[in-house]
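Worksheet: one structure, shown below.
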Amino acid sequence: MALPTRPPAPDAAAHERLYRTLRQQVMHGELAPGVALTLRGIARQFGVSMTPAREAARRLVAEGALTMSSSGRLSTPELSPERVEELAAVRAMLEPEMAARALPRAHFALIERLTAINAQNTEAALRQDAVAYVRTNLEFHRALYLRAQTPAMLALTETVWLQLGPTMRAVYARLNRREPPTHHRMILAALRAGDEPGLRLAVRTDVTQGLRHLAG
């Protein structure tokens, strides 16, 4: 006999929504590095009780999206150059591999979608909208890596993106970048040509050169 199912508790649903919203804000650089947060402030801003705010914060701290001091103070990460270089090395290992695994499934529709996302990235650069720039840059990469069908690698990569998000926003805003990453065009060209070595090189160079600004 099938057991009756119960709807999720209201706090559980609120926690999940809050977690996903905060996670996206951090990843896309909507919050600057070192921004202080409080559980009470989070709960008030999103209209939830303290329990879902506490649970969402706990998960985000575990992922490195937020840091917690010994006194319990929450803040967005402030990364040292050494930490940025370490995270860049992780991206340089994982992302070319995912791109290569996505290549056999990179059909015309995907390339067209990536081209459209890159156009949005260009518009964000021209507007000097650092948050939109970071968001569309990550959307470009994520759309490609989803075709790799490697959920464990993508989850690890997104954890790295989470830790880098506030710093990427701050640095790109300071650089006043007005053009999209040139290596996105190389990635698209390699996808069209079915060129795996060229694709690996383009992705690796895109990741390492972009993060060089963060470590500088």
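The values are calculated or read from the model by the stated rules, or taken from the named source; none is laboratory data. Since the model is a prediction, treat every value here as computed from it, not as a measurement. For neighbour counting, all protein chains shown are included, and Cβ atoms are generated from backbone atoms with ideal geometry for every residue, glycine included. Calculation scope for accessible area: heavy atoms of the full protein, side chains included, ligands and nucleic acids excluded. Shrake-Rupley method; radii C 1.70, N 1.55, O 1.52, S 1.80 Å.
Residue count for the range 122-137 satisfying the condition of being surrounded by fewer than 15 Cβ atoms within 10 Å (Cβ to Cβ) and either touching a residue at least 12 places away in the same chain (Cβ under 8 Å) or at positive phi (or both): 2. Just a yes or no: is a residue in the range 180-191 in a loop (DSSP other than H, G, I, E, B) and either of a type in the set (Phe, Trp, Tyr) or under 18 Å from the mean Cα position of the chain (by Cα) (or both)? For the range 180-191, residues in a loop (DSSP other than H, G, I, E, B) and either of a type in the set (Phe, Trp, Tyr) or under 18 Å from the mean Cα position of the chain (by Cα) (or both): present.
Among the residues making up the range 75-97, a single one is without any contact (Cβ under 8 Å) to a residue 60 or more places away in the chain and in contact with a Ser or Thr (Cβ under 7 Å, 6 or more places away or on another chain): SER75. Filtered by the rule that a residue be buried (at least 19 other Cβ atoms within 10 Å of the Cβ) and either modelled with pLDDT of 90 or more or touching a Gly at 6+ places or on another chain (Cβ under 6 Å) (or both), the range 14-29 gives LEU18, TYR19, LEU22, ARG23, VAL26, MET27, HIS28, GLY29.
Of the residues that sit in the range 95-150 and are among the basic types (Lys, Arg) and farther than 18 Å from ARG204 by Cα, which one is farthest from the chain's Cα centre (by Cα)? Step by step, filter the range 95-150, then rank; the result is ARG105. Within the range 31-67, being of a type in the set (Gly, Ala, Ser), in contact (Cβ under 8 Å) with a residue 12 or more places away in the chain and outside any helix (DSSP H, G or I) holds for ALA32, GLY34, ALA36, SER49, GLY64, ALA65.
Within the range 42-56, identify whether any single residue is open to solvent by 20 Å² or more (accessible area, probe 1.4 Å), of a type in the set (D, E, K, R) and closer than 22 Å to THR167 by Cβ, and answer yes or no. No, the range 42-56 has no match at all. Within the range 76-86, the only residue that satisfies the criterion of being touching a Gly at 6+ places or on another chain (Cβ under 8 Å), exposed (fewer than 15 other Cβ atoms within 10 Å of the Cβ) and not in a helix (DSSP H, G or I) is GLU78.
Set side by side, the residues ALA119, ALA89, ALA102 differ, and just one is crowded, with 16+ Cβ neighbours inside 10 Å and at pLDDT 90 or above, which is ALA102. Taken together, the criteria exclude PRO197 from residues that are modelled with pLDDT of 95 or more, within 26 Å of ARG59 (Cβ to Cβ) and open to solvent by 30 Å² or more (accessible area, probe 1.4 Å).
Only a single item in (1) surrounded by fewer than 16 Cβ atoms within 10 Å (Cβ to Cβ); (2) modelled with pLDDT of 95 or more; (3) touching a Ser or Thr at 6+ places or on another chain (Cβ under 8 Å) is not met by SER69, and it is number (2).
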